[in-house]
Amino acid sequence: MTGRPLEGIRVADFCWIGAGSYTTKILSDMGAEVIKIESNAQLDSLRVAPPFKDGIKGVDRSGYFADRNSSKKSLTINMKHPDAREAILRLIRKSDLVTNNFTPGVMERFGLGYEELKAVNPKIIWMGMSMQGQEGPEKSYLGYGLTIGALTGLHWVSGLPGKEPAGTGTNYPDHIPNPCHAAFAALAALRHVRRTGQGQKIDVAQTEPMIAMLGPEVTAANLRGNRPPQGNRQRDVAPHGVYPVAGEDRWLAIVVRDDREWAALCEVLGVPEEGRFRTADQRMTHRDALDDAIAAHTRDRDGYDLMAALQGRGVACGVVQTAADVTDRDEQLRHRNHWQRMVTEGVGEMLYNAPPYRFSRSPSTLRGPAPKLGEHTAEIATDLLELDEDVVRDQSEGRLLY
Amino acid sequence: MTAPKALEGLRVLDLAGPFGNYAGKMFAGLGADVILVEPPQGAPSRGIGPFLDDRPGPDRSIRFAYENLGKRGIVLDLETAEGRDAFLDLAAASDLVLESFGPGELERLGLTGDVLRQRNPALVLSRLSAFGQTGPFAQYKAEDLTLLAMGGLLFLGGYPGEAPVAAGGGQAVLCGNLFAAVACMVALTGAEMTGEGQDIDTSIQESVVMALENAVQFYDLEGTVRQRYAGDQRQAGAGTFDCADGQVYLLAGGVAATKFWINTRQWMADVGADGAEVLFGDEWFGIPFLRTRGAKDQFRRTFESYARSQTRAELYAEAQRRRVPLAPVNGPADLKDNKQLQFREFFVSVANALPGTDLLMPGAPYRLEATPWVAGDPAPALGEHTEEVLATLAGAADQPTRRAKA
């Protein structure tokens, strides 16, 4: 297999901002033709979100937007134009999947609800990724990854006891839980089409994949109620924590599960093997003193040197890396060619995440940069929307392809 | 009539390794026949909590029960020739093998993808590991905490001036499982179209890197290293606030900030919050001002003067009515009372999810209307289906490769 596995799959993509765009990036990078349906009238707000190439604001210059939209095509069309629906329906006839992460009802207002699309293409898969799902008393509620984290319990379980919940500090549900679950569901539904010819509607509520990622915690809490968070500690093992190393705000995560690892840690750190820390049970009992003793011996050590020394003795540990470390310093990510630089014409080079998997036969690298706003409008309008040349060339105010 | 299943006819061997079984669960939920293959001493995830009553035991892990719902379970000792032969027979009649033993283990056992595909060219082999199958850190020992660290997400979590704090629930390993599952569906799509399978090498560390939001781009384009900020508002109006029965998370600033800010200050004015009139100054539209200590303190005083008299539920409903992105800070036990999740029948009650214990678990993470997610039977007891599986599959092994293509 020398091609990409998803070649031949076409996606009409109404997704914007967060989780939706990351979902369709997964598909476009693996070979699907993802047509990002945009408009100058209402920009994807990530196009104007910092950071910008050379610090200059512009719709094709956001590094954040670029990373989430690699390998896609961009069509600009004003969905409020009276001819928009018919033009998009012609695209739908030639597509396999239609995606959106709007509030429920928006696609229906465009005349692009599932039932209407099914009428023109029974094989179509319609996937909505609203915050709370397509139906229900709170379906219109709005939110972002951070509020979803609070709503679903992620915030609660991530923090120090007695302090304000911390969460991940990011819109975590947008980046992995929702995109991966949604992409999986779409690929499964595509398989069903191949086997039976039957398309369908997929409803992803952005709360639910996040709760699925907390399944054991939620299931346990249903039995015994809420408990305070544990910080970096675990109920059954110590040490299990983050310890200071040399430098400002530098840390090393260390976990020791048995006596052999404990002996190795003591030797590498030069910690005397004290009686009160001898067994796993004792280390649990005296965990505050244990953490202090370890920190006293890590504080002046270089984090990377210490990691190498401890790993050499079979102790699980890892430097708490910053964005700078993972980009410039991490040898493993470099070995895997994780970071890819690609050029946007007229803008310059920007940095992209390659997917975290490598195939033995198919390419795993990105296919191309994010599209410039409307970059593929003429091509798509002619070939797929079947619009006349005068419509494609129209530059008047209020035009369809805006 | 039962509904069709999206992954009907797909057989998955889920080799129980150190990085859990969530990827296999995703296949089971959409109708694949997923067979958990455990060593004689049981899957490592039987030893990972949370446990019933906090007491460990092979049939007491809630994580095991959750991640293996809907699977069958067999015992094979891959250290013996007999066990390896049985596994080769099973692999010949399967579409996908999931493993997370670590680099070198399948090679040592003589069960690499190339070997498995001699009898079944369409087979996909998913290899999930901490750092990938090759490279300078490939043999590094890893835990969820150390992978969150090396992937860069840990640095962003927690309170300024203190050690970073990890995301709860084992998220690094789950991120790896999720990307592995997606990659499997991609490779299976290719295998079903062409008849050719392949190996997939998924790194958990690299999966965690995907969660860094815009931190890497800020570093690359502006040279700034993003910091953690829990315990404080990121900017005035964005953060955690106290209310009568706990806390809420408010995002009056941030993406598309302006309209949410206008809605929020009007809300404060309408309810007569202390100092609401101050929020109407033009300076509140400027990000640099919102980052000042004074702005943050002023906003907190005003918002909490009102919020402390309201419950989380009351604030949630009122904020949403006013189109302000606010959510309650729920504990995991609060979710079963959420009206929207109840309407969607999100939770599933699984009888005997662990022997003698019923569990109320999160259910379908997505709703496929024509091919709905199914909970399936409880996670298998150790070796529960060994005889049944070996008897039915042994004969199927030498049949031509099965193809799902219509």
Fill in the blank from the handout: Rounded to two decimals, the Debye log10 I(q)/I(0) of the protein assembly as shown (Cα scatterers, no solvent) at q = 0.06, 0.07, 0.08, 0.09 Å⁻¹ is -0.36, -0.50, -0.66, -0.85
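May I ask you to derive the FRET efficiency for residue B:263 and residue A:334 from their Cβ-Cβ distance with R0 = 56 Å, giving the value to the nearest 0.05?
About 0.75, to the nearest 0.05.
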Exercise for the section: Output the Cα-based Rg and Dmax of the stretch A:78-168 in Å, rounding Rg to one decimal and Dmax to a whole number. Expected result: 18.2, 58
Exercise for the section: Could you tell me what percent of the DSSP beta bridges with both partners in the protein assembly as shown are antiparallel, to the nearest 5? Expected result: 50 percent
Completion exercise
Note, the stretch B:146-152: 3J(HN,Hα) by Karplus (6.51, -1.76, 1.60, θ = phi - 60°), whole Hz, Gly/Pro = x, goes 6, 6, 4, 5, 5, x, x
Fill in the blank from the handout: Rg from C-alpha atoms of the stretch A:1-72, normalised by the globular rule of thumb 2.2 N^0.38 Å, equals 1.17
Practice task
Could you run the Karplus curve 6.51 cos²θ - 1.76 cosθ + 1.60 with θ = phi - 60° over the stretch A:240-252 and give me ³J(HN,Hα) per residue in whole Hz, x for Gly and Pro?
Solution key: 8, x, 10, 10, x, 10, 4, x, 7, 6, 10, 8, 10
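Of all the C-alpha pairs in the stretch A:104-144, what % are more than 11 Å from each other? The partial results should precede the final answer.
Details: 548 of 820 pairs.
Of the Cα pairs, 67 percent sit more than 11 Å apart.
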Exercise for the section: Give me the distance in nm between label points sitting 7 Å out from Cα along the Cα-to-Cβ direction at residue A:43 and residue A:94, one decimal. Expected result: 2.9 nm
Completion exercise
Counting only DSSP beta bridges with both partners in chain A, the antiparallel fraction in percent, to the nearest 5, comes to 45 percent
Fill in the blank from the handout: Under 5 Å from the placed amide H of residue B:243, counting only residues 5+ away or on other chains, we find B:248
Handout entry: Order of A:141, B:366 - criterion: other Cβ atoms within 10 Å of each residue's Cβ, fewest first
Key = A:141, B:366
Practice task
Name the helices (complete DSSP H segments) of chain A with a Cα length along the long axis of 24 Å or more and a Kyte-Doolittle mean of at least -0.5, or state none.
Solution key: A:177-196
Completion exercise
Given unit charges at Cβ for Lys, Arg (+) and Asp, Glu (-), the dipole magnitude of the protein assembly as shown about its Cα centre in debye, nearest 20, is 940 debye
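What is the order of B:264, B:392, B:189, B:134, fewest Cβ neighbours within 10 Å to most?
B:392, B:134, B:189, B:264
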Practice task
Take peptide A:333-340, look around each residue's Cβ out to 10 angstrom, count Cβ atoms belonging to other protein chains, and average those counts.
Solution key: 5
Handout entry: Computed E for residue A:120/residue B:375 - FRET, C-beta separation, R0 30 angstrom, nearest 0.05
Key = 0.30
Completion exercise
Karplus ³J(HN,Hα) for the stretch B:114-123 (6.51 cos²θ - 1.76 cosθ + 1.60, θ = phi - 60°; Hz, whole; x = Gly/Pro) runs 4, 5, 5, 7, 4, 9, 8, x, 8, 5
Handout entry: Long-range HN-HN contacts of residue A:201 with modeled amide H, under 5 Å
Key = A:126, B:369, B:370
Handout entry: Residue order, fewest to most surrounding Cβ atoms within 10 angstrom, among B:66, A:144
Key = A:144, B:66
Fill in the blank from the handout: If each part is reduced to its alpha-carbon centroid, the stretch B:298-339 and the stretch B:214-292 end up apart, in Å, by 15 Å
Exercise for the section: Could you work out how far the C-alpha centroid of the stretch B:152-184 sits from that of the stretch B:190-209, in angstrom? Expected result: 21 Å
Exercise for the section: Rounded to whole Å and sorted largest first, list the principal axis extents of the Cα atoms in the stretch B:253-324. Expected result: 32, 24, 17
Handout entry: Under DSSP loop assignment and at most 12 Cβ neighbours within 10 Å, longest GluC sites (Glu not before Pro)-free interval of chain A
Key = A:1-247
Practice task
Take the alpha-carbon centre of the stretch A:18-72, take the same for the stretch B:70-143, and report the distance between them in whole Å.
Solution key: 37 Å
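Run through the stretch A:338-393 and list the trypsin sites (Lys or Arg not before Pro) located in a DSSP loop whose Cβ has at most 10 other Cβ atoms within 10 Å.
Listed in order of number, the matching sites amount to none.
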Exercise for the section: Among A:215, A:202, B:136, pick out the residue whose Cα is farthest towards the positive end of the charge dipole of the protein assembly as shown, where Lys and Arg carry +1 and Asp and Glu carry -1 on C-beta, about the Cα centre. Expected result: A:202
Practice task
Could you pull out every residue, at least 5 positions away or on a different chain, whose amide H is within less than 5 Å of the one on residue A:251? Hs are placed 1.01 Å off N in the peptide plane, and Pro or chain starts have none.
Solution key: A:245, A:320
Exercise for the section: Give the cross-link partners of residue B:25 among the lysines, using a straight C-alpha distance below 17 Å as the criterion and excluding same-chain residues fewer than 8 apart. Expected result: B:5, B:71
Practice task
Can you tell me what the convex hull of the Cα atoms of the stretch A:156-247 projects to on average, as an area in nm²?
Solution key: 9.8 nm²
Exercise for the section: Mind giving me the FRET efficiency for residue B:292 and residue A:109? R0 is 35 Å, r the Cβ-Cβ distance, nearest 0.05 is fine. Expected result: 0.30
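Based on the alpha-carbon set only, what is the convex hull volume of chain A divided per residue, in Å³?
182 Å³
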Fill in the blank from the handout: Of the residues A:71, A:112, A:84, the Cα lying farthest along the dipole of the stretch A:48-129 towards its positive end, which is defined by charges on the beta carbon of Lys, Arg, Asp and Glu, belongs to A:71
Practice task
Calculate the translational D of chain B in whole µm² s⁻¹ from Stokes-Einstein, where the hydrodynamic radius comes from the Kirkwood formula applied to all Cα pairs, the temperature is 10 °C and the viscosity 1.306 mPa s.
Solution key: 66 µm²/s
Exercise for the section: Kindly point out which whole DSSP H helices in chain B project their C-alpha atoms 27 angstrom or further along the helix axis while averaging a Kyte-Doolittle hydropathy of -0.5 or above. Expected result: B:171-194
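Values quoted throughout were computed directly from the atomic coordinates according to the rules given, and no laboratory measurement underlies them. This structure is a prediction, so every number in the text was calculated from the model and none was measured. When we count neighbours, we look across all protein chains shown, and the Cβ atoms used for this are built from the backbone with ideal geometry, even at glycine.
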